[in-house]
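See structure below.
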Amino acid sequence: MERSALNRYRLPVPKNILDKVDRTSSPVHIGKLRNAIDFIVPEHTPVFAAANGIVVYVKDDSTIGGANPIYQKYTNFITIMHANQEYSRYDHLAPRSSKVEVSQTVREGQEIARVGMTGYVLLPHLHFHVFIFTGSNVWVDFETVNVEDFTS
């Protein structure tokens, strides 16, 4: 059964420069990532925390990316823990653009990083998904949840 997010989430990029919201065309948005969303925006666009929470993971040291799956592990990303055991993840961030660190409390709408071209990426965009853990391995024991719409 498909689970929808319990929390409300804010649009994680500025609405006025958002070119497109893409839920279907990415080749990796299948299986566990079926509810992931790509926000098509220019490189260096600010990325905002989609809800209040605590930063649990930051990777922003990668400087490479491209249109080949071999780059997937080189994505820069931030993960934030929210209420109701939900987490949000923000991928393809610019190198060293993180404005937050692990254990930091963030507020909805706070700038956390900038969009980049790291990891497996074809064009500048923010990959975003909300998930819950289903086991103890943080890399594979998760399921994305559906976020219907966003506040702005």
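What follows draws every value from the coordinates through simple rules; no lab data is involved. Just so we're clear, the structure is a prediction, and the values are computed from it rather than from any experiment. Cβ sites come from the backbone with ideal geometry, for glycine too, and all protein chains shown count toward neighbours.
A compact table of results
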read-out: Percentage of interatomic Cα-Cα distances in the chain larger than 26 Å; value: 15
read-out: Order by protection proxy (mean Cβ within 10 Å, highest first), peptides 68-78, 33-43; value: 33-43, 68-78
read-out: Surrounding net charge for residue 77, when Lys and Arg each add one and Asp and Glu each subtract one, Cβ distance under 10 Å; value: 0
read-out: Ordering of 14-22, 95-103 by packing [mean C-beta count within 10 Å, highest first]; value: 95-103, 14-22
read-out: Amide proton proximity set for residue 106, modelled H, under 5 Å, gap of 5+; value: 53, 54, 55
read-out: Antiparallel content of DSSP bridges confined to segment 51-152, in %, to 5; value: 90
